[in-house]
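In what follows, a single structure is set out as structure tokens and then discussed.
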Ligand SMILES: [Zn+2]
């Protein structure tokens, strides 16, 4: 994850998740119970709040599991098996046949949304609704794709070329053709904005104004 173009807060969250250092239960500031704060009001015997429960089992992150599946079926229609959300978030595990830059972009978008959801439910804000959580992840991904597009413009290409880190340069497409090859199955660039297409476009068309506001405040970066 050293070459991932993620905001520092997302990167720190990723390290905490992968190393098992993410505060859970009573270890989280201001939380007085050990049980999962989401499942507590929905199950007779709520599970303990652990990293494993959060990323493997908790219904709170189900919208992100569904979104990962949807993205994978759009990007890789011939290999429909999506990665497990748990292994993908914590370790970036996708198998060897997929595009590293694409996986890094999606992983960053989902990590930032997970971080926002986690902060919300362990604070007075409470649980994030499923639609807002999906829209937050898509908003993060759209920002990444927009920056990918900008990386193909001459001015930004010149800036990237001057960077000392080769891995930083390699993570962004360097031509419009490379951009289209990378993202044409899920998004397109029209005028001055990125628009999702196919099933992802339908998903966004149904969002409510309220959900829109919440996800715009999410930009968990
Ligand atoms: Zn739970």
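The values are calculated or read from the model by the stated rules, or taken from the named source; none is laboratory data. Just so it is clear, the structure is predicted and the values come from calculations on it, not from any experiment. Every residue, glycine as well, gets a Cβ built from its backbone with ideal geometry; the counts of neighbours run over all protein chains shown.
Here are the numbers for the structure shown:
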item: Any hit, segment 196-212, residues being at pLDDT 60 or above, touching a strand residue (DSSP E or B) at 6+ places or on another chain (Cβ under 7 Å) and part of a strand (DSSP E or B); result: yes
item: Selection from segment 161-195 of residues that are surrounded by 14 or more Cβ atoms within 10 Å (Cβ to Cβ) and at pLDDT below 75; result: 168, 169
item: Segments classed as helices (runs of 4 or more DSSP H), wholly inside segment 93-162, with at least 3 members that are free of Cβ contacts under 8 Å to residues at least 60 places away in the same chain and within 20 Å of the chain's Cα centre (by Cα); result: 100-121, 130-150
item: Any hit, segment 87-109, residues being within 19 Å of residue 39 (Cβ to Cβ), touching a helix residue (DSSP H, G or I) at 6+ places or on another chain (Cβ under 9 Å) and surrounded by 15 or more Cβ atoms within 10 Å (Cβ to Cβ); result: yes
